[in-house]
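Chemist: Take a look at the following structure, please.
The values are calculated or read from the model by the stated rules, or taken from the named source; none is laboratory data. Source: prediction; values computed, not measured. With ideal geometry, Cβ positions are generated from the backbone for all residues, glycine too; neighbour counts draw on all protein chains shown. Ligands, DNA and RNA are excluded from the accessible area calculation, which covers all protein heavy atoms including side chains. Shrake-Rupley method; radii C 1.70, N 1.55, O 1.52, S 1.80 Å.
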Amino acid sequence: MAKDFREYLVEASRHDVFGRVFKEVAVGRVMISFQASETHACYPAETLDDLHAYSRWEVSLRAVKPAIDVARAGAWSYLMHNSWARPFEKPDFQRTMQGDNIPARDCQQILEDVIEYAKAKGQIESEDEIRILEPDEEVKKNKALEGTGCGGCGGQKTLEKM
């Protein structure tokens with residue numbers, strides 16, 4: 001069993017308008033966002049210092065390369081069959097799967113299932129490889145994006161000709 005998901009939470013910021021924001025937890029290629037404050041879909045909907053006082057959390061899952069929701073390739077194809085996944089939806093214009101008011105016990109199961117997925121895909125070997133992402137940390141490293149063009153869709157060949 002993985003350590004309690006709340007032990008991974010590191011506060012990134014606290015703001016009067018936007019509430020408190022925790023840094024994302026990176027498990028292999030999947031990033032998990034556990035959030036609870038007066039501005040999030042959690043219970044109680046207030047900013048508490050005792051993280052164990054929340055019975056429900058706002059949770060988002062995302063991945064890069066491939067995106068989490070890419071059919072048969074993204075992590076959601078594997079994770080969507082778990083009982084905790086039913087309330088998750090893909091918000092418009094986002095590449096995340098989000099669940100509101102997710103029970104704390106399900107948050108723990110989400111962490112454990114994502115660890116299992118990352119191990120099965122060879123993305124991590126143990127829980128010790130879980131990272132906490134800095135808010136401005138670039139997740140997708142793409143050398144083609146450095147310089148004058150993205151390099152996608154044959155664009156790199158065009159750049160080389162220049």
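Chemist: Keeping the other protein chains in place, figure out the carbon and sulfur percent of the accessible area of the range 82-139, with a 1.4 Å probe.
Modeler: In the range 82-139, the share of accessible area belonging to carbon and sulfur is 39 percent.
Chemist: For Ser55, enumerate residues with amide H under 5 Å from its amide H, sequence gap 5+ or separate chain, H modeled in the peptide plane.
Modeler: The answer is Tyr43.
Chemist: Run the quick spin-label model on Phe18 and Glu134: label points 7 Å from Cα toward the beta carbon, then report their separation in nm to one decimal.
Modeler: Each label point is offset 7 Å from its Cα along the Cβ direction, giving 1.7 nm.
Chemist: Right, something else. Pull out a ≥ b ≥ c, the square roots of the eigenvalues of the alpha-carbon gyration tensor of the range 1-100, then state rounded if a/c is under 1.5, prolate if not and a/b is larger than b/c, and oblate in the remaining case.
Modeler: Here the range 1-100 falls in the prolate category.
Chemist: Leaving out ligands, DNA and RNA but keeping every protein chain, what accessible area does Arg14 have, in Å² rounded to the nearest 10, with a 1.4 Å probe?
Modeler: We get 120 Å² for Arg14.
Chemist: In sequence order, what are the phi-derived ³J(HN,Hα) couplings for the range 41-57 according to the Karplus relation 6.51 cos²θ - 1.76 cosθ + 1.60 with θ = phi - 60°, rounded to whole Hz, with x for glycine and proline?
Modeler: 7, 9, 9, x, 7, 8, 8, 10, 7, 8, 5, 6, 7, 7, 9, 9, 10
Chemist: Additional query: Tell me which chymotrypsin sites (Phe, Trp or Tyr not before Pro) from the range 51-102 have a DSSP coil assignment and no more than 10 other beta carbons within 10 Å of their own.
Modeler: Answer by residue number: Phe93.
Chemist: Between Arg72 and Ala53, what is the label-point separation in nm under the 7 Å Cα-to-beta-carbon projection?
Modeler: Output for this residue pair reads 5.0 nm.
Chemist: Using heavy-atom solvent-accessible surface (probe 1.4 Å) with all chains present, what is the largest-first order of Ser77, Ser83?
Modeler: Most to least solvent-accessible, the answer reads Ser83, Ser77.
Chemist: How far, in nm, would the chain grow between Asp100 and Tyr43 when pulled straight, counting 0.36 nm per residue and subtracting the alpha carbon separation?
Modeler: Extra length from Asp100 to Tyr43 when fully extended: 19.5 nm.
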